[in-house]
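Asker: Here's a structure for you.
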Amino acid sequence: MPAMAVGRRARGVAGAALLALALAAGSSRAAEGDWGDCFGPDFERRVTGCSRLIGRSDLTPEERGFAHANRALAHAMHGHHALALADYDAALAITPDFPVALNNRAWTLFRAGRPEAGRGDVERALVLDPLNPHALDTRAHIRQALGDAAGAMADYRLAMRMGGERLVALYQCGLQAARLYEGEIDGVVSVALRRALEVCVETAGCDPLPADEECRNATS
């Protein structure tokens, strides 16, 4: 699960996290002009806004890394995996210990059909931020894709514990769409939800995360 966005797949996070990182790096301009576009909710404007930022000469290295990472996220949300990976590579060349970019690169590799290639990134992200629910979800998906059902279930359970009601509700809605769960979408972990998740983990091609449009109302 990529941190900091809700895109074509429902991911349960707002763009505020990366914006906060930019502010922490000392940017007082993060809500204005190019910064506003780069860290705003419109993915197309993110690409153009971040591209303008990257072309500027007055950014700190950290700010340039954040701009690359956020443009990568926008590319990934449009399914442009190669462009996204190039930007994540650029961001991580500047700031190697950037857990959000590490997790998001791992997720992009997973979505591009290369789960094994993303394993090292997500493991490093979890060393840096051990209880991050988005990274736990990413590792769960990678483990599931690689046939490690027990490891995937352990990560999904911990992701639900750390991600709270919002993430639980996303799994409930996704598993309901997969016709594996018939309970309420209430953000409460139940025996029925755990059983549905176990079936999903053992089923090829099953993803407990739903398409965004399927759960927009249920989880808002």
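Asker: Those residues that are under 19 Å from His68 (Cα atoms) and in contact with a Ser or Thr (Cβ under 8 Å, 6 or more places away or on another chain), I need them from region 92-118; list them, please.
Answerer: Ala101, Asn103, Ala106, Trp107, Gly118
Asker: Follow-up question, since we're still on this one. Criterion first (under 20 Å from Phe39 (Cα atoms) and not in a helix (DSSP H, G or I)) does Gly79 satisfy it? So that I can check it myself, show each step before the final result.
Answerer: Values: under 20 Å from Phe39 (Cα atoms): yes; not in a helix (DSSP H, G or I): yes.
Yes, satisfied.
Asker: Let me ask something additional. What pairs can you find where one residue is in region 131-158 and under 21 Å from Pro99 (Cβ atoms), the other is open to solvent by less than 30 Å² (accessible area, probe 1.4 Å) and of a type in the set (Asp, Glu), and their Cβ atoms are less than 6 Å apart, with a gap of 6+ or different chains?
Answerer: Filtered contacts from region 131-158: Leu136/Asp155; Arg139/Asp155; Ala140/Asp155.
Asker: Of the residues Ser57, Ser51, Ser27, only one is among the hydroxyl-bearing types (Ser, Thr, Tyr) and at pLDDT below 90; which? It would help to see each step written out before you state the result.
Answerer: Numbers: Ser57 fails: at pLDDT below 90; Ser51 fails: at pLDDT below 90.
Step by step, each of Ser57, Ser51, Ser27 is checked, and only Ser27 is among the hydroxyl-bearing types (Ser, Thr, Tyr) and at pLDDT below 90.
Asker: Okay, next question. Quick check on Arg161: is it charged (D, E, K, R) and over 18 Å from Arg111 (Cβ atoms)? Walk me through it before giving the result.
Answerer: On the way: charged (D, E, K, R): yes; over 18 Å from Arg111 (Cβ atoms): yes.
Taking the combined requirement at face value, the residue satisfies it.
Asker: Identify, from the list Ala22, Ala5, the residue that is open to solvent by less than 10 Å² (accessible area, probe 1.4 Å), part of a helix (DSSP H, G or I) and at pLDDT below 95. Let's see the steps before the verdict.
Answerer: Values: Ala5 fails: part of a helix (DSSP H, G or I).
The conditions single out Ala22.
Asker: Against the definition (modelled with pLDDT of 95 or more and either part of a helix (DSSP H, G or I) or of a type in the set (A, V, I, L, M) (or both)), how does Leu85 come out, yes or no?
Answerer: On the way: modelled with pLDDT of 95 or more: yes; either part of a helix (DSSP H, G or I) or of a type in the set (A, V, I, L, M) (or both): yes.
Against the criterion (modelled with pLDDT of 95 or more and either part of a helix (DSSP H, G or I) or of a type in the set (A, V, I, L, M) (or both)), Leu85 qualifies.
Asker: Only residues that are surrounded by fewer than 19 Cβ atoms within 10 Å (Cβ to Cβ), acidic (Asp, Glu) and under 23 Å from Pro96 (Cα atoms): list them for region 37-81, please.
Answerer: Scanning region 37-81 gives Asp58, Glu62.
Asker: Right, next: Considering only region 44-72, state which residues are among the basic types (Lys, Arg) and farther than 17 Å from Asn104 by Cβ. Let's see the steps before the verdict.
Answerer: Just the residues of region 44-72 that are among the basic types (Lys, Arg), to begin with: 45-46, 52, 56, 64, 71.
Those that are among the basic types (Lys, Arg) and farther than 17 Å from Asn104 by Cβ: Arg45, Arg52, Arg56.
Asker: Hey, another quick one. Look through region 156-197, keep the residues that are within 11 Å of Pro208 (Cβ to Cβ) and within 17 Å of the chain's Cα centre (by Cα), and return whichever of them is surrounded by the most Cβ atoms within 10 Å (Cβ to Cβ).
Answerer: By that ranking, first place goes to Leu170.
Asker: Would you mind stating whether Cys206 is modelled with pLDDT of 95 or more, at negative phi, of a type in the set (A, V, I, L, M, F, W, C) and open to solvent by less than 40 Å² (accessible area, probe 1.4 Å)? Explain how you work it out, then say what you get.
Answerer: Numbers: modelled with pLDDT of 95 or more: yes; at negative phi: yes; of a type in the set (A, V, I, L, M, F, W, C): yes; open to solvent by less than 40 Å² (accessible area, probe 1.4 Å): yes.
It is true that Cys206 is modelled with pLDDT of 95 or more, at negative phi, of a type in the set (A, V, I, L, M, F, W, C) and open to solvent by less than 40 Å² (accessible area, probe 1.4 Å).
The values are calculated or read from the model by the stated rules, or taken from the named source; none is laboratory data. None of the values given here were measured: they were computed from a predicted structure. When we count neighbours, we look across all protein chains shown, and the Cβ atoms used for this are built from the backbone with ideal geometry, even at glycine. Areas reflect the complete protein model, heavy atoms only, side chains present, ligands, DNA and RNA absent. Shrake-Rupley method; radii C 1.70, N 1.55, O 1.52, S 1.80 Å.
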